[in-house]
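Here is the structure we will look at.
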Amino acid sequence: MPELPEVETVRRGLENLIVGRKILNVDILNPKSFLVSASEIEEFVVDAEIIAVRRRAKVLIIDLSSNYSLVIHLKMTGQIVFRGSENWGGGHPNDSFVGDLPDRSTRVEFELNGSADGLSKLFFNDQRKFGWIKLIPTLAVEKMEFIAKLGPEPLIGNPETEFLTRVRRRNNSAVKAAILDQSVIAGIGNIYADEALWGAKIHPATRVRDISDEQLREILQSAIDAMNKSLSAGGSTMKTYVNADGKKGNYLDLFANVFRRDGASCPRCGAIITKIRIAGRGTHVCLKCQKLRAKSQ
């Protein structure tokens, strides 16, 4: 599924296009994608103005003037497409970005008013039907079970203190497993975990208890740096992701140091990058730069 920088680029593009517009109608083509009653749609969605587009970890939140919010998770193949004065798309890349909509992957269709450009539409497409939209009172969004458990946002404020407290609760875990845990730090997935650990020169299998606070801070900062570079490049170039302009991101081409570079030379020391398996995930590491520390007793 898309990682935090990819979802953030979608959020930014969506914010520029739909904030200030009013939702005129909602057509649900697959009820499992948007489990909400017709009466709730009429009361809280239709005629409501979109007042903000937010993100929490990898989840999009569209706040409405009705004091309700649309909470959207793209999952593996989710896609949001805007059609109006301009065409825009974010999420899983397929022909729906350029074809006629709705199509067989469309699950929910929102009709919006325009400014000078007349009506526009927002489509939620999802080939595999794993993604979803939920209608939640805005004040209750942060209390949703999976959101309430999330750790701090790496790109907002100063997450260092809370990160250190939470990661120390996983002292017996491999550090890669710990930073992939969304309750430790929100939004870090496989790409940025590998890049962060390479940047901090820490082997992914090292137990958290064998890493100093200073090194943990380096890991966090390395993740933040990688994410910011990815945002500037439009996200990662993955076959399941395109950015908010409907174009593939190019982070992996421009900035990735180890992720999916197994067999290539480490840009820091020249050793060959190796792919191993840690925490059930394919993991890319330079075994010369990132030596595995001796286990503590």
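Just a yes or no: is a residue in segment 238-250 modelled with pLDDT of 90 or more, of a type in the set (A, V, I, L, M) and out of contact with any Lys or Arg (no Cβ under 7 Å at 6 or more places or on another chain)?
no
Can you pull out every residue in segment 131-184 that is outside any loop (DSSP other than H, G, I, E, B), within 22 Å of P204 (Cβ to Cβ) and touching a Ser or Thr at 6+ places or on another chain (Cβ under 8 Å)?
R166, A174, V175, K176
Listed here are the residues, each with its yes/no results for (1) among the aliphatic types (A, V, I, L, M); (2) open to solvent by less than 10 Å² (accessible area, probe 1.4 Å); (3) modelled with pLDDT under 95; (4) under 14 Å from the mean Cα position of the chain (by Cα).
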{"residue": "L4", "(1), (2), (3), (4)": "yes, yes, yes, yes"}
{"residue": "E8", "(1), (2), (3), (4)": "no, no, yes, yes"}
{"residue": "N30", "(1), (2), (3), (4)": "no, no, no, no"}
{"residue": "I62", "(1), (2), (3), (4)": "yes, yes, no, no"}
{"residue": "V71", "(1), (2), (3), (4)": "yes, yes, no, yes"}
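Out of segment 9-44, which residues are in contact (Cβ under 8 Å) with a residue 24 or more places away in the chain and assigned to a loop (DSSP other than H, G, I, E, B)?
V19, G20, R21, L29, N30, L35, V36
Here is a list: K129, K143. Which entry is open to solvent by 10 Å² or more (accessible area, probe 1.4 Å) and on the phi > 0 side of the Ramachandran plot?
After applying the criteria, what remains is K129.
Within segment 81-107, track down each residue that is small (G, A, S), in contact (Cβ under 8 Å) with a residue 60 or more places away in the chain and open to solvent by less than 20 Å² (accessible area, probe 1.4 Å).
G89, G90, G91
Of the conditions (1) in contact with a helix residue (DSSP H, G or I) (Cβ under 7 Å, 6 or more places away or on another chain); (2) more than 20 Å from I51 (Cα to Cα); (3) open to solvent by 10 Å² or more (accessible area, probe 1.4 Å), G151 clears all except one; give me its number.
(3)
Inspect all residues belonging to segment 11-21 and state whether any of them is open to solvent by 20 Å² or more (accessible area, probe 1.4 Å) and under 22 Å from F130 (Cβ atoms).
Yes, segment 11-21 has at least one match.
The values are calculated or read from the model by the stated rules, or taken from the named source; none is laboratory data. Please read all numbers here as calculations on a predicted model, not as lab measurements. Cβ atoms come from the backbone with ideal geometry, glycine included; neighbour counts cover every protein chain shown. The protein model used for the area step is the full one, side chains on, heavy atoms only, and it has no ligands, DNA or RNA in it. Shrake-Rupley method; radii C 1.70, N 1.55, O 1.52, S 1.80 Å.
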